[in-house]
Structures are given as structure tokens and as C-alpha cells.
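The values are calculated or read from the model by the stated rules, or taken from the named source; none is laboratory data. Computed from a prediction, not measured in an experiment: that's the story for all the values here. Cβ placement follows ideal geometry from the backbone for every residue including glycine, while neighbour counts extend to all protein chains displayed.
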Amino acid sequence: MDPLLYQRMIEQTRDYALFLLDPSGRIISWNLGGERLKGYAADEIIGRHFSVFYTREALDSGWPAHELQVATVEGRFEDEGWRVRKDGSRFWANVVITALRDEEGQLLGFSKITRDLSERRLHEEALRQSEERFRLLVDAVQDYAIFMIDTEGMVTSWNAGAQRIKGYSRDEIIGRHFSHFFIQEDIAAGKPWEELASARRSGRAELEGWRVKKNGERFWARVALSGVYDEQGHLRGFAKVTQDLSERRHMQDLEKAARNVNEFIAMLAHELRNPLAPIRTAVQVIAKSPDDPVTREAMRQTIDRQSAQLARIVDDMIDIARITKGSLVIEHQPVELADVVRRAVETAAPAIDAARHAIDVEVPATGLVAHGDSDRLTQLLANLLNNAARYTPPGGRISVRARREDGHGIISVRDTGRGIEPQVMERIFDMFVQGRSPLERVGGGLGIGLALARRIAELHGGTLVAKSDGENKGSEFIVRLPLSPASQAPAEVQEAVAPPAAVPRRVLVVDDNVDAAATLDLLLRSLGHETRVAHDGMKALDIAREFRPEVILLDIGMPGLDGYEVARRLRAMNHGTSFRIIAVTGWGQDADRSKAKEAGFDVHLVKPVDLGVLSQVLDDRSGATLH
Amino acid sequence: MAPKEPLHIPLRWEFVPVQQPRTGIISWRWRAHTQGGRLDKESEQLFDTLTECMEDAKQHGYGMP
């Protein structure tokens, strides 16, 4: 090669400073690139020590001498760092110093190649600052948990939002598996690993579900999981963003509840109209044909049936209030389940009869004794039977079976009806939920039957579950109740008896509703009692002084003196004759009964009063109360 | 139909609607089956309502220990 050509290549290279140092570090050659990078002309720099290019800090630490020493020993030294131009400005340089030796190994000097990396350095710094800003941004986000997990699911980063939402500090959670955030059921079902597998396959997974905080509290979360890849496309882990949607879910639950209540009110209005219409018609018919005993008897029966239905609706509403307040209470007595089944079947007989369903009853006559509330258990089972009757097309079959299993009494109600779709299987136990369109609204219904039935089962320490093979394949409801340890038949059940003939009494009826007072008056007279009627409290007190009643049937909600006040004043009157005060009221809550008792009432009857109960109360000489 | 033999509990009591072919009116009858599934006895007459049918069944052991 032409040495001159080689020399010119060195001298004219613009992008690299290429120059020679003698063994002591003095500059002995220079090129165009050196002049461009460092600002010195050849005649300004040749002969000076190369340390002139170093910063004060580097000089103080003896860095130039260290570079030459390493290059001397190892043959080569490479470094990146700040260097100084002639004008004092700095630039980021990549420097390679190579020791030059003769054939005997004698050190002749050093070649030095310097490249200006300021621009790359600026890029890197900009990137670093950008990443830092992004990290600070992510760290500062409070509303989202943003964190990284590695390919195995171990947490590798954690932001403030994650700490706020999940409750773990960075030190507590980094290095632990992300399955800590899942509820036990999901862990058992392998969901954390499914989520990872899904994100591995598609690069992304997005879902909603329950997650759990450090303190064990559940929250409803929306989760996005995105794969993070390196430059070669290898999966390095996942970025995970979790949003706490508990509040939104709470709002949705409230909206759903409001919708259910609105639907319930509409349904209630419908259910109230159903019995009211025939009652109004019957009254009009009687008015037009007052002397026709056949018509009158038929209308009386209509009114009797429909008012009983109204009373059932009111009972249901009271149960709704009790469930909502959590104040549904049960008695604890030995209960023979065979008896419960028999009574429930009798209760549901009108609905079964109307739909012409055949019914099978297969129950051991004795030996299944639970500890609980006979009336409520009967109500539970009657609800299931009424439900079966309602959701089974006419001419179907309903089977009731009871058996013992592992110390529990199992009662199942199976039908051949429309069945239950899997997606609504659990919802049917919510309040105010009914099937899409009952085939026939036998006896109506407020949509609380199953909710109430399940609650009653739970209050007995039992369960109520539903099964169905699907649409039009029938349903089966299974009640499981713990049996009493001894599980012996209870004492003989006292059969309900018809009210005995009334003992004639002096009865004062007090009610501001003139119709209500008049009908009750007529009823009492027909039973042989002597009566007086008052439509307000003051009048009642006047009549009581003179009439000296043995029994006072007293309405509570009256204008002026209410029933409580009238009762107090009656008790304060000492006219020398013992008398009983009986509340006859629409208020049937436990609190109302307590208040009535405090005011001096002996008995609390809820409207409409059953004739048998009224006769029993009027004939009761023992003074026992029916609060 | 009179009982042929003492009944063995538990039994299956069946209450079945029956439609009169001529009038289309629904009546009810009951049947009692032994544990082995054999028909043991059944109502001697038809009833207008299921409730009446059950009342009659009670006279023949339904719901009795």
C-alpha cells in the first residue's frame, strides 16, 4: 500500500479523532476528525499531553495515566465518558487506546481513536428520562393497580394504586405469586394459571371477577393482562392493570334492586286488583238482588275466597319486610316432617286442583322429627308445591318424597313442568324474581316464595337447592333439614277444632271505619253476643261507662284518640267490672303487638280477623292472651 | 275397595284427577300403594275437589302414623 495514501486516509477522516501519543502521552500526530471533534488545529495540540482533553474530575482521579497504564499492560483500553473541547464544552466520547510496540516489544507509543457519542447519549438520556417519567406516572396512579408479573406469575413491580387497591406494600408482594389476589374457589379451579395461559396464547386477557385484598376483603375487579416481549420477540412477562369496580357493581346491584322493586310494585298492584275486582262485583250483585238467598250465598263465598287471597298477599308483604330486616324468627319445637308434608299438601291443594295435576306423596308416617317451626316449615313446603303447580302445564304430576339421610330429613318436590334454565338456577331464589311468564297464575304470587322458602330452611340450619335437567324437563327442589338427635315422634298433635258455640257476652266495637264496625257488629250479633258500636275514642269511653262491656274490640288507627290512648283511659276507668281489650288492627308487626300490650290490650288480632279465632277469644274465660 | 291386608309404611299415596268422558268434568280419586309399589287400595268414589279426596284418604290412613 502507498504510505502516503494511508497517511491521507488518517488525516482526512472526519468522524473519528485518530492520533498518536508518545509513551508519555504527548500528542505526536493529529487529523481532521480530531480538529472537528475537539476544536484544536494540529499546530495547537501536537506536543501537548493528551490529558488536556479530560475533565477536572477525571484529572483529579488520575484517569489519563490509568488509561495509559491499562493500555500498556493489556495492549488496549476502551472507555466511554465526558471529554473537553478546546472551548471548554463537553462531549460524550467513546475512546479506544491501543499500545504500539516494535518487533522486540518495545513500547513506541499509543494510537487513540475518539468518537463523539453525544447524540446517542442524548437519545439514551431522553429515553431514560421518558422511562423515568413513565415510571413516576405509573407509580403515582392511584385508581388502577398497575404491576408486572414474570412469565411464571411472580410479581416484579408494584405501583401506588396496587398498594391502595390490594393493600400490599411493594416489599410485601414483590416476588410472590399473583394468585394471592384470587379467591379460594378460583384458585381451586386453577383460574390464575388459566389467565396466564390465555394471555400467553393471545398476548392479552381481559376479564372481570372477584379478587381478594390483603385483609381478605373481596372486591369486583376488571383485569387486563398484556404480554411484554423483548426485542427478539421473547415473552418477558405480563403487565397487569386491575380496576376496582366494587362501587360500579354496588350501583348496578342498587339499580337491579330498584328495578326489582318497581316490578314488584307493578305486580303487587296486579295481584291486589285480581281479588278486589270480584269483591266489588259481588257487592254490586248483592245490592241489585238483596232478596235472592242463592245469589247472596254465592257472592258471600266469592267475597270469602277473594278476601282470603288479599289476606295472603298482606301476609306475604309482612314476610318480605321480615326478610329484608332480617327479623324472620322461628319457633323451636319438635316437628314431625310427615305432618308438615300433609299440611303443606293440603295448603297447596287448591292450586294443584285448579291445574289438574296428579300428586304423589311418599313419606314415612313417623320418625322424621326436626326441631323447628311447624308453621314456617309448612309454609316452606307449600311454597314449593304452589310453585310446582304454577310452573307445570295443566295435567302434570307433582311428587313429594321424604326420607332420612345422614341424620337429616330430606324432602323433595319434583314436577313435570317447564324446568329451570341453568342461567337462572340461582336467581330464582332472589326476591321478586319470577319465571318469564307463568303458564297460569294460580293464586297469583309476589315472587318471594322461593326466597322465603330458602330463608326458612336456613333458619332451621338446613338448605334448599333446585335441580333441573333444563327447559321443559321438570324441576326438583330439595329441602335438607337436620333431624332431632332422638328423632322421635312429637307429642300427639292437637287437631284444629271448629270454634265452639259462643258464650253470650257484652261486646263494644270501636272502629272509625263505619263499614268495618257494622259488619263486625252484625257478625257478633249473629253469634249471640250483645253489642254496642262507637266510631271514635271519646264515644267509646262514654259507652263503656254505661254499657260495662266484657270485651272491647278496639281499632288502633283512629283520628282523635287513637286505640292506644283509648285503651289506657279504659284501663284507668275503674267501673268495677273486669273486661278484656282486644286490638283489631291492620298493624301486625311485632313492635305493634308490644306497643298494644304496653297500652293495656289483652289480645292483638290482625285484620281481617278469622271467625274461629274471634270466637275463641270471645269465649276464652282463662284470660289467656293471643299477643 | 276394602283393604286387603294391613298397610306397610312408608306408602305412596297418589291423588289423581279423572276427567269424565261425557261431561269433561274433573273428579278426583286416591290410590295407596305398598312400599313394593303394589296397589293396595283405592277410593270407592270420585270427589269434586282434591281437598275432599284427601279428607276421604285420611279416613283410610293417609297421613296417619
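Listed values, structure above:
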| quantity | calculated |
| --- | --- |
| Qualifying residue in the range A:298-314 (condition: away from chain B (no Cβ under 14 Å), within 36 Å of the chain's Cα centre (by Cα), surrounded by fewer than 20 Cβ atoms within 10 Å (Cβ to Cβ) and not in a helix (DSSP H, G or I)) | no |
| Wholly within the range A:330-388, strands (runs of 3 or more DSSP E) carrying at least 3 residues that are within 14 Å of chain B (Cβ to nearest Cβ) and under 28 Å from B:Leu39 (Cα atoms) | A:358-363 |
| The range A:219-269, residues that are of a type in the set (Val, Ile, Thr) and outside any strand (DSSP E or B) | A:Val261, A:Ile265 |
| Selection status of A:Arg273, over 26 Å from the mean Cα position of the chain (by Cα) and either surrounded by fewer than 17 Cβ atoms within 10 Å (Cβ to Cβ) or charged (D, E, K, R) (or both) | yes |
| Residues within the range A:349-381 that are free of Cβ contacts under 8 Å to residues at least 60 places away in the same chain and touching a Gly at 6+ places or on another chain (Cβ under 9 Å), tallied | 6 |
| Residue within the range A:391-402 that is over 14 Å from A:Val479 (Cα atoms), under 31 Å from the mean Cα position of the chain (by Cα) and more than 9 Å from every other protein chain (Cβ to nearest Cβ) present | yes |
| Every pair of residues 6+ apart whose Cβ atoms lie under 8 Å, when the first sits in the range A:542-555 and is part of a loop (DSSP other than H, G, I, E, B) while the second is of a type in the set (D, E, K, R) and buried (at least 24 other Cβ atoms within 10 Å of the Cβ) | A:Asp555/A:Asp511 |
| Any hit, the range A:181-193, residues being under 19 Å from A:Ala160 (Cα atoms), surrounded by 15 or more Cβ atoms within 10 Å (Cβ to Cβ) and modelled with pLDDT of 90 or more | yes |
| From the options A:Glu550, A:Glu546, residue that is modelled with pLDDT of 85 or more, surrounded by fewer than 16 Cβ atoms within 10 Å (Cβ to Cβ) and acidic (Asp, Glu) | A:Glu546 |
| Single condition A:Arg342 does not satisfy, out of (1) over 34 Å from the mean Cα position of the chain (by Cα); (2) surrounded by fewer than 21 Cβ atoms within 10 Å (Cβ to Cβ); (3) of a type in the set (D, E, K, R) | (2) |
| Residue count, the range A:389-430 (criterion: touching a residue at least 24 places away in the same chain (Cβ under 8 Å), among the basic types (Lys, Arg) and assigned to a helix (DSSP H, G or I)) | 1 |
| Every residue from the range B:30-55 that is of a type in the set (D, E, K, R) and more than 10 Å from chain A (Cβ to nearest Cβ) | B:Arg38, B:Asp40, B:Lys41, B:Glu42, B:Glu44 |
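Conditions tested, residue by residue: (1) in contact (Cβ under 8 Å) with a residue 24 or more places away in the chain; (2) among the polar types (S, T, N, Q); (3) assigned to a loop (DSSP other than H, G, I, E, B); (4) surrounded by 14 or more Cβ atoms within 10 Å (Cβ to Cβ).
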| position | (1), (2), (3), (4) |
| --- | --- |
| A:Glu103 | no, no, yes, no |
| A:Asp139 | no, no, no, yes |
| A:Arg164 | no, no, no, yes |
| A:Ser179 | yes, yes, no, yes |
| A:Glu195 | yes, no, no, yes |
